[in-house]
């Protein structure tokens, strides 16, 4: 279904603030004049967006449109902020994936409904949903184990390059964001350091992914916190302020820990050596951060 975000905001929430979107089921929203994230105009807009609903023309039931919200604080944790400030949206609205959100007229009428069934690109990319976030990677060749179809190895796109380089015996001159998929390689394809204790390196690599990946455990939990923050409307915007401060601290801690872990993994993956004590210390640090985030309300 297509949903007219302009019309829904105006008719349901009386919000007519000028904005543009990159039309999507996870649209990036750019409020005109780019006000600060804690500006009253932005906060009112976010609160309104959090509560939008749509009458599904196929089921005639009322659906919540907004699943998650992320402003630049959470988008930084999700690796969605570039060096170009002009490209950073006011916030991203991760919608119900059945809906493609677009802009349109500021009303919803029988002649021009705000929600229509239309052939468009829903359920394609950008959503936070297991159907979208689950894909596959095929690997075959010397150095790759014959595992058949296997759903036990958690990975994302960033892991393909370092894994291929490890299999080929090559090394890039830059640090990767992803890690070598030790689980799918034969012993001969593993570096000497990893071959000594593959189970320990696998554990460290798995913790790294859950800390650093945009849909890892940390990111999925903080996205819920971000949504709660942006949807909140408490005196002095205290809930928003407190949760945003938490998210900034978590991002700093995550970045520091992830940087240390990937440095150790890259060293071991491509010919260097690291101590088991160093690995265990980083494991403890990473797991502690994952647990720490769970208790924030």
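Annotations for the structure displayed:
- Across region 2-132, counting alpha-carbon atoms alone, Rg and Dmax equal 14.3, 44 Å.
- By the count of other C-beta atoms within 10 Å, a proxy for reagent exposure, 165, 147, 1 are ordered fewest to most as 147, 165, 1.
- Label-point separation, residue 285 to residue 80 (7 Å along Cα→Cβ), nm: 2.8
- Length-normalised contact order of region 1-124 in % [C-alpha pairs under 8 Å, at least 6 apart]: 44
- Distance between region 242-292 and region 122-179 - C-alpha centres, whole angstrom: 21
- The ranking of 108, 114 from fewest to most other beta carbons within 10 Å of each one's beta carbon is 108, 114.
- Region 64-207 - Rg over Rh from alpha carbon coordinates, Kirkwood radius: 1.11
- Volume per residue of the C-alpha convex hull in region 168-297, rounded to whole Å³: 103
- Order of 94, 182 under a 10 Å beta carbon neighbour criterion, fewest first: 94, 182
- For the chain, adding -39500 (n - 2.57) for each run of n ≥ 4 DSSP H residues and dividing by the number of residues yields -13000 deg cm²/dmol at 222 nm.
- Computed over the chain, the quotient of the alpha carbon radius of gyration and 2.2 N^0.38 Å is 1.15.
Each value in this text was obtained by applying a stated rule to the coordinates, not by laboratory testing. Here the structure is a predicted model, which is why all the values come from computation and not from measurement. In this analysis, Cβ positions are derived from the backbone assuming ideal geometry, glycine residues included, and neighbour counts consider all displayed protein chains.
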